[in-house]
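Chemist: Just dropping this structure here.
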Amino acid sequence: MLLWNQTYIEKQANGPPMNQQYEIERLKEYIKTLERLIYSKGLLPPPIKKNFLDALDIIFTVVCKVCDVKVSDIMMKSRGEQNIAFARQLIMYFCIEYEVGSYKYIAKRVNRTDHTTPHYAHKKIKILASIPGICRDQYYLCREKIGETLGLVHGEKEVIDYTI
């Protein structure tokens, strides 16, 4: 009985058999290939390679410059003027698109209390981006500048190089 326990422990210490190890490596490669395909087809927005706090600061800076609004105006508790509200909604939209954090986290970053505010902003900006006008122009300008800053190339869809 002692001999059987020793061989069992030795097998556990050496790890899985070679064929299982090979299968694990093949599955990892397959998952990476699927991720590249999903991101290249635009089915999901690509992950940001930089720290998400850097991305949040970049989004705030770009949107405030494009919309000609101060960060302190965005952080006001009141709704403010229409251009301030639009800039705040743009910030929330891009935070959701680039997966900066949860809805609750995004709401706190723009000094709002409820998680439904970013959700509403995301829906509204999607609609406004499809209607020609100043809002649409500002949306595309922000999208282009944020993409350039984060290292994404914008055409019709975001494309990022995932070669290993």
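A short reminder: the numbers here are calculations on the coordinates, not readings from a lab. All of these numbers come straight from a predicted model, not from anything done at the bench. Positions of Cβ are generated from backbone atoms using ideal geometry, with glycine treated the same way; all protein chains shown enter the neighbour counts.
Chemist: Go ahead and run the numbers for FRET between THR33 and SER78, Cβ-Cβ distance against an R0 of 35 Å, rounding to 0.05.
Modeler: Details: r = 49 Å, r/R0 = 1.41.
Efficiency at R0 = 35 Å is approximately 0.10.
Chemist: Over segment 52-152, what relative contact order in percent results from Cα pairs under 8 Å that are six or more residues apart?
Modeler: Relative contact order comes out at 28 percent.
Chemist: How big is the dipole moment of segment 52-152 about its Cα centre under a simple scheme where the beta carbon of each Lys and Arg is +1, that of each Asp and Glu is -1, and everything else is neutral? Debye, nearest 20, please.
Modeler: Using only the charged Cβ atoms, the result is roughly 400 debye.
Chemist: Can I ask one more? Mind ordering 106-115, 62-71, 20-29, 90-99 by average Cβ neighbours within 10 Å, highest first?
Modeler: So the peptides 106-115, 62-71, 20-29, 90-99, ranked by packing, come out 90-99, 62-71, 106-115, 20-29.
Chemist: Between HIS119 and GLU25, 0.36 nm times their residue separation minus their Cα-Cα distance comes to what? Intermediate values should be presented prior to the final figure.
Modeler: On the way: separation 94, 0.36 × 94 = 33.84 nm, distance 3.88 nm.
Additional length available on full extension: 30.0 nm.
Chemist: In nanometres, what is the gap between the two model label sites at ILE127 and ASP57, each 7 Å from Cα along Cα-to-Cβ?
Modeler: A separation of 3.5 nm, rounded to one decimal place.
Chemist: Also: For the pairs LYS28/LYS145; LYS77/LYS104; LYS32/LYS104; LYS77/LYS124; LYS123/LYS145; LYS41/LYS108, note any where the Cα-Cα span goes beyond 23 Å.
Modeler: LYS28/LYS145; LYS32/LYS104; LYS41/LYS108
Chemist: Would you work out if segment 52-152 is rounded, prolate or oblate? Take a ≥ b ≥ c from the square roots of the eigenvalues of the alpha-carbon gyration tensor; rounded if a/c is under 1.5, else prolate when a/b is larger than b/c, oblate otherwise.
Modeler: rounded
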